[in-house]
Amino acid sequence: MDHTFLQSTLRELQVFRRSPRFWATFATVVLIFAVTGPYGTLTRLMPGERLGYWLVLHAVAWSIAIVFSVAAEILLRHALPNMFARMMTGSIVAALPMGFGIALVDLIFFGTIPTLTGSLLQSLSSVPLCILFCILTYLTMHRQIATAAEGPGSANMAPPTPGMAEISAAPRQAPILSRLKPENRGKLMRLTVRDHYTEVVTSRGRELILLRFGDALTEIGNTEGIRLHRSHWVAADHVAGLKRDNGKLFVIARDGAQMPVSRSYAEAVRRRFG
């Protein structure tokens with residue numbers, strides 16, 4: 001088994017387990033179903049049994065949907081750049097096993113013997129529930145999931161060797177520019193972490209995109225530049241000079257912006273621009 005995939009999956013699953021928003025949303029949905037009693041459960045089950053039925057059913061359904069949406073979010077990162085699209089893909093695929101899970105819950109509560117046809121029909125009818133789950137999850141938790149995707153070591157990266165700090169690549173136009181609005185697609189100048197987003201600054205403007213900083217650095221194309229910090233990268237021809245302030249090193253950009261240089265990158269920066 002791919003240990004990186006397993007670790008990433010477990011890390012993102014922890015986000016759900018520790019999220020008060022997630023549990024509040026889950027409890028609200030269960031209570032709505034228990035009170036309204038859809039699909040005939042209002043007349044077939046007593047209030048306590050109805051609450052138990054919908055609690056178990058949603059626990060099974062949401063567990064399946066979470067596992068599949070998280071797995072898809074990780075496995076499809078290179079194929080689908082949009083997190084919502086990845087999670088929705090996984091959620092819809094989860095409808096198939098979810099139908100069999102619901103059939104098992106019906107067997108426990110109603111004694112209904114599951115059949116292949118009945119389970120497949122349950123899977124089909126589960127698609128709207130999967131879509132709803134994905135929308136609710138993305139709206140309430142996408143930032144936490146994006147943070148978890150960075151990994152626990154993202155804030156304490158190992159210091160690079162001097163040669164590793166300098167970044168260059170191959171295509172003519174930086175691929176990251178295709179993520180920007182057309183009016184902002186100019187010469188790439190710098191990248192900066194902003195909350196859970198990456199700010200892309202070009203000669204024509206700036207824009208926030210929902211992309212991990214590590215992934216953003218793989219899309220700079222042949223733009224010659226250097227990483228200054230775990231949260232900053234700058235194009236080489238955008239550097240105007242260096243500055244020291246209270247023992248800290250800063251890079252001064254041609255537009256006047258000042259970017260801090262961490263100790264792990266300081267030697268490469270001084271050798272390049274000092």
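Overview of results
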quantity: Top-ranked residue of segment 202-248 - restricted to ones that are assigned to a strand (DSSP E or B) and farther than 18 Å from V261 by Cα, ranked as nearest to the chain's Cα centre (by Cα); calculated: I209
quantity: Segment 249-263, subset in a loop (DSSP other than H, G, I, E, B) and either among the small types (G, A, S) or under 32 Å from the mean Cα position of the chain (by Cα) (or both), residue nearest to T202 (Cα to Cα); calculated: D255
quantity: Segment 30-54: number of residues that are open to solvent by less than 20 Å² (accessible area, probe 1.4 Å) and of a type in the set (A, V, I, L, M, F, W, C); calculated: 4
quantity: Matching entry among L75, L13, L42 (being within 30 Å of I108 (Cα to Cα) and at pLDDT 80 or above); calculated: L42
quantity: Residue match in segment 264-274 (condition: open to solvent by less than 40 Å² (accessible area, probe 1.4 Å) and assigned to a strand (DSSP E or B)); calculated: no
quantity: Check on L57, without any contact (Cβ under 8 Å) to a residue 60 or more places away in the chain and crowded, with 18+ Cβ neighbours inside 10 Å; calculated: yes
quantity: Residue pairs meeting the criteria (Cβ under 6 Å; at least 6 apart or on separate chains; first of a type in the set (S, T, N, Q), in segment 254-268; second modelled with pLDDT of 90 or more); calculated: Q258/F250; Q258/I252; S262/H229
quantity: Residues that are open to solvent by 40 Å² or more (accessible area, probe 1.4 Å), free of Cβ contacts under 8 Å to residues at least 40 places away in the same chain and more than 27 Å from E267 (Cα to Cα), drawn from segment 175-196; calculated: S178, K181, P182, E183, R185
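Conditions (1) modelled with pLDDT of 90 or more; (2) of a type in the set (K, R); (3) open to solvent by 70 Å² or more (accessible area, probe 1.4 Å), marked per residue:
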| residue | (1), (2), (3) |
| --- | --- |
| T198 | yes, no, no |
| A216 | yes, no, no |
| G221 | no, no, no |
| R227 | yes, yes, no |
| G247 | no, no, no |
| F250 | yes, no, no |
| A257 | yes, no, no |
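The values are calculated or read from the model by the stated rules, or taken from the named source; none is laboratory data. Being a predicted model, the structure only gives us computed values, none of them experimental. Reconstructed Cβ throughout: ideal geometry from the backbone, glycine too, with neighbour counts over all protein chains shown. For accessibility, only protein heavy atoms count, side chains too; no ligands or nucleic acids. Shrake-Rupley method; radii C 1.70, N 1.55, O 1.52, S 1.80 Å.
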